[in-house]
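Nothing in this text is a laboratory measurement; each read-out follows from the coordinates by a stated rule. Keep in mind it's a predicted model, so treat the numbers as computed, not measured. All Cβ positions, even for glycine, are placed from backbone atoms using ideal geometry, and neighbour counts span all protein chains on display.
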Amino acid sequence: MSIHLGTDIGELRGMGEAAVRDCRRLGIVSVCDLLWHVPYRYEDFTLTKPISRLSHDDLVTLTGRIVQISSRPSKNRRVQLTEALFENETGGLKVTWFNQTYLERLLRPGMEVALAGRIDRRFGTTTLLNPVHEPPGVNLQTGRIIPVYALSGSLTQRRLHTAIEASKQAFEELIDWLPEKIKQEELFFDLPIALKTLHFPESQNEISAAHARLVFDELFLQQLLFAEVRKQRVTCQAQIISIDIEVLKTFVAGLPFRLTNAQRKVSWKIMQDLSKEVPMNRLLQGDVGSGKTIVAALAAKAVSVAGFQTVYLAPTEMLAIQQHRSFCRFFPSEKIGLLTRTNCLIGEKEVSHEVMLKTLASGRVQMVIGTHALLQKDVQFAKLSFVIIDEQHRFGVRQRHALFEREGVSVPHLLSMTATPIPRSLALTLYGDLDISVLDESPEGRLPITTRLIVPGKEKEMERVLVQELNAGSQAYIVCPFIDPSDIEGRESVQEVAERLKKGCLKDHRIGLLHGRLSSSERDQVLEAFIKGSLDVVIATTVIEVGMDVPNATVMVILGAECFGLAQLHQLRGRVGRSDKSSYCFLCPKTISEKIQERLQTVVSCQNGFVLAERDLELRGSGNFFGQAQSGFPDFRFASMYDVFAMKKARDWVRKFQEQDPEYTQYPSVRERILEVFEDVHGE
């Protein structure tokens, strides 16, 4: 059978209905999707040793024969153990698998086999734990560097390895859009080779080189898009907004809190920008809880008073709903719109999609908050003059472009906001075309969040404070790094944590689950229940990283804390401490080492996001492999905010192209890639 990029995943040999269904949950529909489903880490099984010389924690491949094999329940009867005696010419050892009793039928005594796994010598006996197996000499899962992939449902590493192996011929169909000039000067792999190498690496150096190529692709494209939007904005004019100072003073005086000096200064800068015909292009950086929302609301009020419309773009439905509530609270007499894929509200009244479109087009709603749904071509505005983009790095320049290219309207003023602190040098590299403002003060009355590192085995201390706070009427978040169980690392999923805690310390408390695989209506129900106090605890993935503003939540527990970067840990910590109550954040790594302890202790000792961002950059450097979960730039699959050198390199190449060939006539593949990305926005 001939395999192509467009081949449906179900046509691959061995991919049954369940495997296809699990692949689709991961976004894998075609062979092309499969090839871009890259490993998130690697196990290096190239090491081979005599059995007598094996050390604890060695990752090894051993070739030999099964002497005997049998299964039994563990002492607590929760796990089925399959145990074998294995030997070769260098000696013998014990092999243990967990919950894989079927191996008794597959691995018969006397069978020659290659095993790859980790050595455990903690209890005096040399044991090979949970190894993968295959016939000697196959070298698909043993004897080499083995990629480890994200899984779903019953999908296994073996099934994915086999499917990717069967799809090898399709790599050659990948179109490489990067100009030869760049590849030659930077010594980059061709795209098909880079992607193939990530799946079938021969060495760590090869992985590094392949990863560097794909990091550059993302950063180069980002800089190209920035340059394209800059070109468009230079030739455009924005609506001059007449600022009614007295109305704004009255609004500020009526707030139940005092603005910080930083909020006042930044607000005044924004007002000055709005009153010019040059389109505002400002980035507002604020640490967690520094009060960016009220600054945005004040600017939206100024635009509304002048008779024009504001769009507030949020990256997630959850954040859009939260901000809609905030704006309705700030402006009780205004009709604030909410438009997402599943929500259409004007004020608190639910309306049809058609009514919402007519209301926006007529200008009767002057402030609307929403997600990507606001970017659809059928969403038209009467007098759109101001766009606020929250967590702007999660949106991307292509989504902004969709708003700015609408016919018949002047270019709106743009305020981009982020709660991800970015070191200033890095911000200038990333966003050199934006004016940058910083909110570096916390609102009055906020207390520092008590942050503690809980090493494995000391969880009782955390549970005591958690239950104590819940019994006092407060609420809590528990964050897990995974939705599904995480292969051999043994880290718990959201569901597993919920089941364990329901039987343990949280048996008397109301628990809800939040993760990206829930439907919008399910997420809304959990969110609503937590905000109203009908749930005591939310166990979630990082979907709660931004937008959750529940003042009664005083405890944040982060499980698997070593999986996250400092900036993301700080973001998660910022979900509590939003009132005058004492709040707590517990960092609970699954494993501990000197390096992990050093990183996490940095979060314990520092509550300033900008200081942490600088420290994270020092600790992690610019080569953060596969860091989309930690980078603060989750729209990138390979690049992260720590790839500073690659960012500068990408920016320099774009400048060179802009000076020599601004329309990319010599590089049609580059031009096509830019157009393709902008076109994708309108198809979403």
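A few comments on the model shown:
- Test item: Cα-centred dipole of the range 244-439, Lys/Arg +1 and Asp/Glu -1 on Cβ, debye: 300 debye
- Annotation: amide H-H contacts under 5 Å for VAL557 (H modelled 1.01 Å from N, sequence separation of 5 or more, or interchain): TYR477, ILE478, VAL479, PHE586.
- Charge tally in the Cβ shell below 10 Å around PHE200, where Lys, Arg are +1 and Asp, Glu are -1, PHE200 excluded: 0
- Taking all Cα pairs closer than 8 Å and separated by 6 or more residues, the relative contact order of the chain comes to 12 percent.
- Rounded to 5, percent antiparallel among DSSP beta bridges of the chain: 45 percent
- Residues GLU499 and GLU528, FRET efficiency given R0 of 22 Å [Cβ-Cβ distance, rounded to 0.05]: 0.40
- Set of lysines with alpha-carbon distance to LYS507 below 22 Å, sequence-local pairs under 8 removed: LYS458, LYS460, LYS532
- Subset of LYS276/LYS649; LYS181/LYS648; LYS49/LYS590 violating a 23 Å alpha-carbon distance limit: LYS276/LYS649; LYS49/LYS590
- Overall, the chain carries a charge dipole of about 1720 debye about its Cα centre when +1 sits on the Cβ of Lys and Arg and -1 on the Cβ of Asp and Glu, all other atoms neutral.
- Here the gap between THR591 and GLU87, fully extended at 0.36 nm per residue and compared with their Cα-Cα distance, gives a gain of 178.3 nm.
- With the simple spin-label model, which puts each label point 7 Å out from Cα in the Cβ direction, the ASP190 to ARG121 separation comes to 4.7 nm.
- Here the extension length gained between ALA18 and VAL455 equals 153.5 nm, from 0.36 nm per residue of separation less the Cα-Cα distance.
- Charged-residue dipole, Cβ positions (Lys, Arg, Asp, Glu), the range 47-143 about Cα centre, Debye nearest 20: 440 debye
- In the range 7-69, the trypsin sites (Lys or Arg not before Pro) that fall in loop regions by DSSP, at most 10 other Cβ within 10 Å: ARG13
- Working note: 222 nm ellipticity from helices only, DSSP H runs with n ≥ 4, each -39,500 (n - 2.57), summed and divided by the residues of the chain, gives -11500 deg cm²/dmol to the nearest 500.
- Residues of the range 545-585 with amide N under 17 Å of the 7 Å Cα→Cβ point at ILE436: 567
- Applying 0.36 nm per residue to the separation of ASN261 and ASN139 and subtracting their alpha-carbon distance, the gain on full extension is 37.6 nm.
- Summing Lys and Arg as +1 and Asp and Glu as -1 over all other residues whose Cβ lies under 10 Å from the Cβ of ILE531 gives a net charge of 0.
- In loop segments of the range 253-294 as defined by DSSP, the trypsin sites (Lys or Arg not before Pro) with at most 16 further C-beta atoms inside 10 Å of their C-beta are ARG258, LYS276.
- Taken as entire DSSP H runs, the helices of the chain that both span 27 Å or more between Cα atoms along their own long axis and average -0.5 or more on the Kyte-Doolittle scale are 204-234.
- With contacts taken as Cα pairs under 8 Å at a separation of at least 6 residues, the range 244-439 carries a relative contact order of 31 percent.
- Trypsin sites (Lys or Arg not before Pro) lying in DSSP loop within the range 108-150, provided at most 16 other Cβ fall within 10 Å: ARG121, ARG122
- Residues of type aspartates and glutamates that LYS196 reaches as a straight line, Cα spacing below 15 Å, ignoring anything fewer than 8 places off in the same chain: ASP33, GLU165, GLU172, GLU173, ASP176, GLU206
- In terms of distances greater than 23 angstrom between alpha carbons, the cross-link table entries LYS231/LYS292; LYS183/LYS231; LYS265/LYS581; LYS301/LYS335; LYS292/LYS335; LYS249/LYS269 yield LYS231/LYS292; LYS183/LYS231; LYS265/LYS581.
- Local electrostatic count at ILE51 - Lys and Arg +1, Asp and Glu -1, tallied over other residues with Cβ under 15 Å: +2
- Using only alpha carbons, the range 449-606 has a radius of gyration to Kirkwood radius ratio (Rg to Rh) of 0.93.
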